[in-house]
Amino acid sequence: MTAPHPLAGDARSILACPASASLVVEGEPNAIEDRLELCDDGGTPALYCPPDSPVARAAGRRSSALLTLTSGLGPRGGPDRADTLTLGGRLEPTHGEAIVLHLNFVLLARDDRQHKIPLADFRSPAYRMNRGHLQRSTEHANECHQDELRHAVSLGTGTRPVEILGVQISGLRPESVEVQWVDEQGAHQQVLRFPRPARDIADLGELLRRGLYAGLRL
């Protein structure tokens with residue numbers, strides 16, 4: 001058995017966590033102006049757009065397309081942000097709302113070099129919870145669920161909500177998460193270990209919620 005491409009995980013993580021995306025579609029010069037939502041569906045790019053959009057029309061014709069993603073991994077200004085992922089393939093509609101890009105090739109540009117990533121490696125189940133997914137999950141929790149995080153810290157530590165100045169999670173992994181918060185007594189942090197490793201992102205979210213309410217203590 002050959003070893004997977006050493007950059008396959010990085011490439012898959014960019015698909016899960018892009019900073020920006022552009023799409024060039026055969027026969028649709030205005031497709032790049034379409035408002036698109038993008039997600040990683042097991043290593044296949046899934047696009048969500050209005051049914052009357054240029055991208056949807058192109059998918060009906062099974063048109064070729066080129067999707068270019070800039071990396072959103074790591075902090076802004078960090079070295080990972082210089083990477084670019086290019087995915088080429090054919091657009092096709094699905095039975096649901098999504099349009100998928102069936103891939104023909106994947107190229108990762110890093111340090112002025114183009115690295116061709118084998119499709120089997122890029123789609124490997126080993127990357128179903130890649131670094132990009134974990135970063136996006138962390139950002140979503142910190143930006144969109146601040147009230148829930150404060151409530152969990154308040155219940156777990158017996159601290160009044162008004163005394164909690166801020167909460168964030170970091171270091172999210174399939175088996176653990178670090179919780180950091182600041183109250184009137186100062187800064188605190190704890191590592192919560194889940195009872196078992198998460199199987200996928202949805203399972204990770206459930207383990208995180210349970211851990212926050214059951215595991216925090218002063």
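A few notes on this one:
- The residue that is farthest from residue 152 (Cα to Cα), counting only those in the range 162-176 that are of a type in the set (A, V, I, L, M, F, W, C) and either open to solvent by less than 20 Å² (accessible area, probe 1.4 Å) or part of a strand (DSSP E or B) (or both), is 172.
- The condition (being modelled with pLDDT of 90 or more, outside any helix (DSSP H, G or I) and over 30 Å from residue 41 (Cβ atoms)) is satisfied by just one residue among 182, 153: 182.
- Scanning the range 143-156 for residues that are surrounded by 18 or more Cβ atoms within 10 Å (Cβ to Cβ) and in contact (Cβ under 8 Å) with a residue 40 or more places away in the chain turns up 149, 152, 153, 156.
- Any hit, the range 114-128, residues being open to solvent by less than 50 Å² (accessible area, probe 1.4 Å), closer than 22 Å to residue 175 by Cα and touching a residue at least 12 places away in the same chain (Cβ under 8 Å): yes
- Test: residue in the range 157-165 that is of a type in the set (Ser, Thr, Tyr) and without any contact (Cβ under 8 Å) to a residue 40 or more places away in the chain: no
- Verdict on residue 212 being closer than 30 Å to residue 39 by Cβ and over 19 Å from the mean Cα position of the chain (by Cα): yes
- Members of the range 186-198 found to be at negative phi and free of Cβ contacts under 8 Å to residues at least 24 places away in the same chain, listed by number: 187, 189, 191, 193, 194, 195, 196, 197
- Qualifying positions in the range 182-203 - under 21 Å from residue 74 (Cα atoms) and either of a type in the set (Gly, Ala, Ser) or in contact with a helix residue (DSSP H, G or I) (Cβ under 7 Å, 6 or more places away or on another chain) (or both): 201
- Residue satisfying all of: in the range 46-87; among the aliphatic types (A, V, I, L, M), open to solvent by less than 30 Å² (accessible area, probe 1.4 Å) and closer than 20 Å to residue 119 by Cα; farthest from the chain's Cα centre (by Cα) among these: 65
- Matching residues in the range 185-203 - criterion: being farther than 13 Å from residue 216 by Cα and not in a loop (DSSP other than H, G, I, E, B): 186, 187, 201, 202, 203
- Taking first residues from the range 91-110 that are closer than 22 Å to residue 121 by Cβ and partners that are assigned to a loop (DSSP other than H, G, I, E, B), the Cβ contacts under 7 Å between residues at least 6 apart in sequence or on separate chains come to 100/94; 106/117; 108/7; 108/83; 108/117; 109/83; 110/83.
- Screening 90, 12 for residues that are modelled with pLDDT of 90 or more, under 25 Å from residue 137 (Cα atoms) and surrounded by 15 or more Cβ atoms within 10 Å (Cβ to Cβ) leaves exactly one candidate, 12.
- Among the residues of this structure, residue 140 does not count as one that is part of a strand (DSSP E or B) and either open to solvent by 40 Å² or more (accessible area, probe 1.4 Å) or free of Cβ contacts under 8 Å to residues at least 60 places away in the same chain (or both).
- Looking only at the range 177-218, and only at residues there that are acidic (Asp, Glu) and within 18 Å of residue 145 (Cβ to Cβ), the one that is least open to solvent (accessible area, probe 1.4 Å): 203
The values are calculated or read from the model by the stated rules, or taken from the named source; none is laboratory data. The model shown is predicted, which means the values in this text are computed figures rather than measured ones. Don't worry about glycine lacking a Cβ; one is built from the backbone with ideal geometry, like all the others, and counts go over all protein chains shown. These accessible areas exclude ligands, DNA and RNA; they are computed on the full protein's heavy atoms, side chains included. Shrake-Rupley method; radii C 1.70, N 1.55, O 1.52, S 1.80 Å.
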